[in-house]
Amino acid sequence: MLLAAQLSLAAIADALPALAEGAAFARYGVNRLNLAWLDRAEQERVLKEIADSGATHVRLSLSRPVEKSIEAVGIASRLGLRILLEIQLANKSYYADAVRPRSGQGRIWDINRLSELDLDRYRLRLREALTRLDALGVRLDAVEPGNEINLAGYNGDLAVYQKPGQPTPRTVADLKDRVGFEEGLDRYIEVLRITRDEVRKSSESSGAAIVSAGLSDMGAKEADRQGMERLDPAEVITLLRDRGMDQLVDAFGIHIYPARKDPKAIRSVVTKLLDFCEPSDSGRPCWVTEWGIANTARTCPIDDSQREGAIAAMRAVFSDFAKAKRLDAAYYYDWDTQQSYRLWRCGTLSPAGALAIAPENN
């Protein structure tokens, strides 16, 4: 099955001249987060499946237990995978013991406020992790501090309403605690500064790209339905740029999950979401650190025909942005854990999965 997947991946790459012709190099990879929850044998199995299926880039997380996360990164590196390391800022080791998380109202997880992150603790723990990775000979491709900091699910400075269904904020001016949220952005700028400093001191990963936290693309109506605050990615990017983010990052992170599979709708939605991405020779390009198209089928063999067209449409937009030097990477979410989005189906890489991670011809 693995050989067939590799042959399929090569065939798809060769069959995409319309996507690849004249395009600048872009990384196409896959997410496999929370490997720290698995024992070493399971980590080896999952990462070997990814590598054997032809993937070249993977986004992994530095999360608790951190030592287990580092083990997984070491395995991925040994298998030849190039690693984007996402640092989960909810890690309680980065906060004072007396800090208490914001309530998720019993619907989502309780989570700490970014504005309360202890910068000294963060620097110390990050330095320890990078030292351990250096000792393992791991050379990181990129580092992404934080995840979806524009959404209440990952940033405790944003509110979760006791009862969902009421209107949620459309701009920063409407937030319940605007002061706290903006203090969190100030703190995040310092997180970026520390991350850049520590990564540049690494013996193995000093050249790693620094990518800002991938921002959620959740729309206002969905936020109303779920009863949680969120802000548009473009607004948060502007707020961070006003605080000097451009001097600290090499790229802007964003997540994209189109609700529709129609290729025209996908092109419109994705093009609009990536509007703030700039050419790399004059500004900061984007890294899409998560993207996905759902397929709720559970049968084997998998029928992946519906999302193949949607994934092809996504890749076409990504290729256009890569050609314009406005996109440097896109990592599909998820390899094997999120049932509707997963690429690994029925013991092999699905046809749509092969299309999602196929390298472009350059």
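In vacuo Debye scattering of the stretch 188-236, one point per C-alpha: log10 I(q)/I(0) at q = 0.17, 0.26 Å⁻¹?
-0.64, -0.94
Calculated from the structure, Kirkwood radius over Cα pairs in Å equals which of [x] 21.5; [y] 24.4; [z] 20.7?
Of the listed options [x] 21.5; [y] 24.4; [z] 20.7, [z] comes from this structure.
For Gly227, what residues show an amide H to amide H distance below 5 Å, using hydrogens built from the backbone and excluding near sequence neighbours?
Gly165
Across the stretch 192-197, in residue order, what do the Karplus-derived ³J(HN,Hα) couplings come to in whole Hz, using 6.51 cos²θ - 1.76 cosθ + 1.60 with θ = phi - 60° and x for Gly and Pro?
Karplus-based 3J(HN,Hα) across the stretch 192-197 equals 4, 5, 5, 4, 4, 4 Hz.
Which whole-number percentage describes the relative contact order of the chain, with Cα contacts under 8 Å and a sequence gap of 6 or more?
The value is 22 percent.
Report the relative contact order of the stretch 82-209, percent, no decimals, based on alpha-carbon pairs under 8 angstrom and at least 6 residues apart.
Contact order relative to length: 34 percent.
What aspartates and glutamates sit close enough to Lys323 to cross-link, taking a C-alpha to C-alpha distance under 14 Å and skipping anything fewer than 8 places away on the same chain?
Lys323 reaches Glu21, Glu278, Asp281, Glu360.
What is the Cα centroid distance between the stretch 164-181 and the stretch 142-163, reported in whole angstrom?
Here the two parts' Cα centres lie 13 Å apart.
What whole-number distance in Å separates the alpha-carbon centres of the stretch 55-119 and the stretch 219-262?
Rounded to whole Å, the Cα centres lie 19 Å apart.
If you roll a 1.4 Å probe over the heavy atoms of the protein chains, what accessible area per residue do you get for the chain, in Å²?
Details: 15140 Å² over 362 residues.
Result: 42 Å² of accessible area for each residue.
Using protein chains only and a probe of 1.4 angstrom, how many square angstrom of Tyr333 are accessible, to the nearest 10?
Around 40 Å² of this residue is reachable by solvent.
For the stretch 61-205, state what percent of all Cα-Cα pairs lands in each successive 10 Å bin, counting from 0 Å until the bin that includes the largest distance.
Per 10 Å bin, starting at 0, the Cα pair percentages come out as 11, 38, 29, 16, 5, 0.
When the chain is treated as a GNM, springs tying every alpha-carbon pair under 10 Å, which of Thr337, Thr168, Thr195 comes out with the largest mean-square fluctuation?
Top of the fluctuation ranking is Thr337.
Given the convex hull of the Cα atoms of the stretch 209-357, what is a quarter of its surface area in nm²?
The number I arrive at for the stretch 209-357 is 9.5 nm².
So what J values fall out for the stretch 178-188 if you push phi through Karplus, 6.51 cos²θ - 1.76 cosθ + 1.60 with θ = phi - 60°, rounded to Hz, Gly and Pro as x?
After applying 6.51 cos²θ - 1.76 cosθ + 1.60, I find 4, 4, x, 4, 6, 5, x, 5, 4, 5, 5 Hz.
Please list 3J(HN,Hα) in residue order for the stretch 112-120, calculated via the Karplus relation 6.51 cos²θ - 1.76 cosθ + 1.60 where θ = phi - 60°; whole Hz, with x for glycine and proline.
Here the 3J(HN,Hα) series is 6, 7, 4, 5, 9, 4, 8, 5, 5 Hz.
Looking at the stretch 281-320, what % of the alpha carbon pairs are farther apart than 17 Å? Walk me through the intermediate numbers first.
On the way: 367 of 780 pairs.
More than 17 Å apart: 47 percent of the Cα pairs in the stretch 281-320.
Rounded to the nearest 500 deg cm²/dmol, what is the calculated helix-only ellipticity per residue at 222 nm for the chain, with -39500 (n - 2.57) per DSSP H run of length n ≥ 4? Can you show the working numbers first?
Values: 11 runs with 138 residues, N = 362.
Mean residue ellipticity at 222 nm (helix-derived): -12000 deg cm²/dmol.
Quick one: which of Lys48/Lys201; Lys163/Lys261; Lys48/Lys325; Lys48/Lys68 span more than 22 angstrom between C-alpha atoms?
Values: Lys48/Lys201 30 Å; Lys163/Lys261 31 Å; Lys48/Lys325 31 Å; Lys48/Lys68 17 Å.
Exceeds cut-off: Lys48/Lys201; Lys163/Lys261; Lys48/Lys325.
5 Å is the cut-off here: which amide hydrogens, built 1.01 Å from N in the peptide plane, fall below it relative to Val30, excluding neighbours closer than 5 in sequence?
Counting only residues 5 or more places away or on other chains, the set is His57, Val58, Arg59, Tyr332.
Mean projection of the alpha-carbon convex hull of the stretch 42-138 over all orientations, in nm²? Write down the numbers at each step before the final one.
Numbers: hull surface 29.9 nm².
That works out to 7.5 nm².
Which residue, Ser268, Ser340, Ser103, tops the fluctuation ranking in a GNM of the chain built on C-alpha contacts under 10 Å?
Ser268
The values are calculated or read from the model by the stated rules, or taken from the named source; none is laboratory data. Remember, it's a predicted structure, so these values are computed and weren't measured experimentally. Calculation scope for accessible area: heavy atoms of the full protein, side chains included, ligands and nucleic acids excluded. Shrake-Rupley method; radii C 1.70, N 1.55, O 1.52, S 1.80 Å.
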